[in-house]
Amino acid sequence: MAISRELAGQKWVLLTTAQTPTNIAVIKYWGKRDEDLILPVNDSISVTLDPSHLCTITTVAVSPNFEKDRMWLNRKEISLSGARYQNCLREIRSRANDVEDKEKGIKIEKKDWEKLHVYIDSYNNFPTAAGLASSAAGLACLVFALANLMNVKEDHSQLSAIARQGSGSACRSLYGGFVKWCMGKEKDGSDSLAVQLADEKHWDDLVIIIAVVSSRQKETSSTSGMRETVETSLLLQHRAKEIVPKRVLAMEEAIKNRDFVSFAKLTCNDSNQFHAVCLDTSPPIFYMNDTSHRIISLVEKWNRAEGEPQVAYTFDAGPNSVLIARNRKAAVSLLQRLLFQFPPNPETELNSYVLGDKTILQDAGINSVEDIESLPQPPEFNSSSQKFQGDVSYFICTRPGKGPVVLPESDSLLDPKTGLPKNL
Ligand SMILES: Nc1ncnc2c1ncn2[C@@H]1O[C@H](COP(=O)(O)OP(=O)(O)OP(=O)(O)O)[C@@H](O)[C@H]1O
Ligand SMILES: C[C@@](O)(CCOP(=O)(O)OP(=O)(O)O)CC(=O)O
């Protein structure tokens with residue numbers, strides 16, 4: 001489709017840059033009732049992670065000069081032909097409005113958006129496709145940035161229903177704090193969207209430590225794994241109908257009251273049930289490995305020794321562990337325990353072994369790898385407790401965080417003159 005006569009020949013480039021967080025589910029989404037629209041079989045609840053440690057930054061640009069839509073991810077050009085990208089682009093374009101920038105002499109009318117092409121450049125400040133939910137932050141950022149560029153008037157909840165069509169869990173990254181993805185009832189998916197339960201300031205005692213667990217083999221993707229579960233697991237049906245609805249209500253209550261004991265029990269139980277459902281799939285899917293199981297034991301043993309939960313654990317479709325500590329004191333003790341049991345390989349530097357908020361490391365009295373070696377054995381460990389050097393690749397210390405934001409033009413990844421990536 002050719003652009004209008006008024007726009008033809010114009011050389012301007014209009015840009016928007018946005019930052020979007022990733023999220024971790026504490027009540028899991030697993031199973032679709034509609035594969036194309038990405039409609040889930042149950043509600044889910046997540047915690048948004050602080051974007052200063054884990055986020056996507058995306059710049060989107062439009063110009064009458066662009067001949068087709070193009071996208072770069074982490075400095076490499078990727079194809080936008082997949083149905084999920086196409087669905088998001090179509091839905092956002094159909095909601096675009098007039099845009100005017102008098103200073104730059106730019107005037108785009110609503111009808112022009114169908115013909116104008118966009119360039120997209122994105123990067124994740126954490127490893128892509130490594131089980132850290134890059135697709136959630138990435139698709140949410142794409143939709144949020146495009147909505148801003150195209151002057152889409154819809155609120156974050158409406159945008160979440162578009163991001164959902166890029167990747168289910170992405171809909172929960174449109175908000176900070178604690179977020180619920182309501183499964184909805186409508187066939188067209190219009191009521192399957194995210195709502196914020198509480199913002200990130202509501203429960204700011206929580207500290208999150210992620211253990212990125214070394215894994216050699218590539219796991220089954222979430223998309224195909226959950227399809228196989230829906231086709232073969234009876235346990236999933238019981239989970240979706242009987243368990244999750246009650247658990248979601250209890251989790252909302254726990255979050256509202258900052259009731260860590262309930263929050264932790266529900267989070268751990270739901271993660272374990274999600275992995276049980278994967279095991280109930282035929283053929284069974286194993287996402288956790290021995291290191292994941294050892295981390296669960298470490299937390300369970302410590303929680304029992306303390307008399308009540310200090311830490312909650314949750315695992316997505318991979319071996320990485322996300323640990324939510326009730327407060328800073330618990331996070332410091334947790335980090336000491338984790339480093340005691342999983343010390344780094346000899347050549348690893350402390351700086352690359354513990355990432356994110358390093359002040360927790362300082363509070364734990366650890367300033368060098370030698371300090372890890374001299375950590376005392378935690379009291380609940382017994383004499384046969386082993387150390388597993390090198391079984392964790394690295395840790396990330398973070399906390400609940402804010403939702404998407406628009407960044408200033410100086411943060412643009414695309415050149416404002418050409419619209420091409422600055423750092424190719
Ligand atoms: N910044 C981004 N912008 C757009 N798409 C992205 C972005 N980051 C990742 N993606 C898409 O998500 C895919 C990776 O998703 P995948 O589910 O394999 O990994 P993950 O989300 O990092 O891990 P997991 O889902 O196991 O937590 C990429 O191949 C790409 O298609
Ligand atoms: C285990 C999970 O992380 C599953 C995430 O699945 P995806 O959102 O990655 O799947 P698609 O909708 O097919 O893109 C649990 C969760 O985030 O709720």
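The values are calculated or read from the model by the stated rules, or taken from the named source; none is laboratory data. These numbers were taken from a predicted model, which means no experiment stands behind them. Because the Cβ atoms are built from the backbone with ideal geometry, glycine has one as well, and the counts that use them run over all protein chains shown. Accessible surface is based on the protein model in full, side chains and every heavy atom, while ligands, DNA and RNA are left aside. Shrake-Rupley method; radii C 1.70, N 1.55, O 1.52, S 1.80 Å.
Table for the structure above
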item	result
Test for Ala331: is it closer than 25 Å to Ser262 by Cα, hydrophobic (A, V, I, L, M, F, W, C), in contact with a Ser or Thr (Cβ under 6 Å, 6 or more places away or on another chain) and not assigned by the TED database to the domain that holds Trp30	no
Single match in Tyr123, Tyr119 (criterion: under 18 Å from Ala61 (Cα atoms), open to solvent by 20 Å² or more (accessible area, probe 1.4 Å) and within 7 Å of ligand 1 (Cβ to nearest atom))	Tyr123
Filter result for Gly176 (more than 16 Å from ligand 1 (Cβ to nearest atom), closer than 23 Å to Ile57 by Cα and surrounded by 24 or more Cβ atoms within 10 Å (Cβ to Cβ))	yes
Residue list for the stretch 162-192, restricted to those being among the basic types (Lys, Arg) and either outside any loop (DSSP other than H, G, I, E, B) or under 18 Å from Ile255 (Cβ atoms) (or both)	Arg172, Lys180
Options Leu266, Leu279, Leu235: the member that is closer than 25 Å to Val179 by Cα and among the hydrophobic types (A, V, I, L, M, F, W, C)	Leu266
Boolean, Ser157 is in a helix (DSSP H, G or I) and farther than 11 Å from Thr22 by Cα	yes
Residues of the stretch 69-89 that turn out to be away from ligand 1 (no atom under 11 Å from the Cβ) and surrounded by fewer than 19 Cβ atoms within 10 Å (Cβ to Cβ), as a count	7
The stretch 160-175 residues that are free of Cβ contacts under 8 Å to residues at least 60 places away in the same chain, paired with ones that are within 11 Å of ligand 1 (Cβ to nearest atom) and of a type in the set (S, T, N, Q) (beta carbon under 8 Å, 6 or more apart)	Ala170/Ser135
Hits in the stretch 256-275 - residues which are out of contact with any helix residue (DSSP H, G or I) (no Cβ under 7 Å at 6 or more places or on another chain) and of a type in the set (A, V, I, L, M)	Val261, Ala264
Pair list, Cβ under 7 Å, 6 or more apart: the stretch 303-322 residue farther than 13 Å from Ile210 by Cα, other residue assigned to a loop (DSSP other than H, G, I, E, B) and of a type in the set (Ser, Thr, Tyr)	Ala317/Tyr287
Meets criteria (more than 16 Å from ligand 2 (Cβ to nearest atom) and at negative phi) for Ala163	no
Failed condition for Thr267, given (1) over 13 Å from Ile27 (Cα atoms); (2) within 23 Å of the chain's Cα centre (by Cα)	(1)
Single condition Asp316 does not satisfy, out of (1) buried (at least 21 other Cβ atoms within 10 Å of the Cβ); (2) more than 16 Å from ligand 1 (Cβ to nearest atom); (3) among the acidic types (Asp, Glu)	(2)
Strands (runs of 3 or more DSSP E) enclosed by the stretch 332-424 - at least 3 residues per element that are open to solvent by less than 90 Å² (accessible area, probe 1.4 Å) and hydrophobic (A, V, I, L, M, F, W, C)	392-398, 405-407
Meets criteria (within 15 Å of ligand 2 (Cβ to nearest atom), in a helix (DSSP H, G or I) and without any contact (Cβ under 8 Å) to a residue 60 or more places away in the chain) for Thr229	no
Single condition Ala147 does not satisfy, out of (1) under 29 Å from Phe315 (Cβ atoms); (2) more than 16 Å from ligand 2 (Cβ to nearest atom); (3) of a type in the set (A, V, I, L, M)	(1)
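Every residue, every condition in (1) outside the structural domain of Ser134 (by the TED database); (2) in contact with a helix residue (DSSP H, G or I) (Cβ under 6 Å, 6 or more places away or on another chain); (3) touching a residue at least 60 places away in the same chain (Cβ under 8 Å), yes or no:
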position: Thr56; (1), (2), (3): no, yes, yes
position: Ser63; (1), (2), (3): no, no, yes
position: Phe66; (1), (2), (3): no, no, yes
position: Asp69; (1), (2), (3): no, no, no
position: Arg75; (1), (2), (3): no, no, yes
position: Ala96; (1), (2), (3): no, yes, no
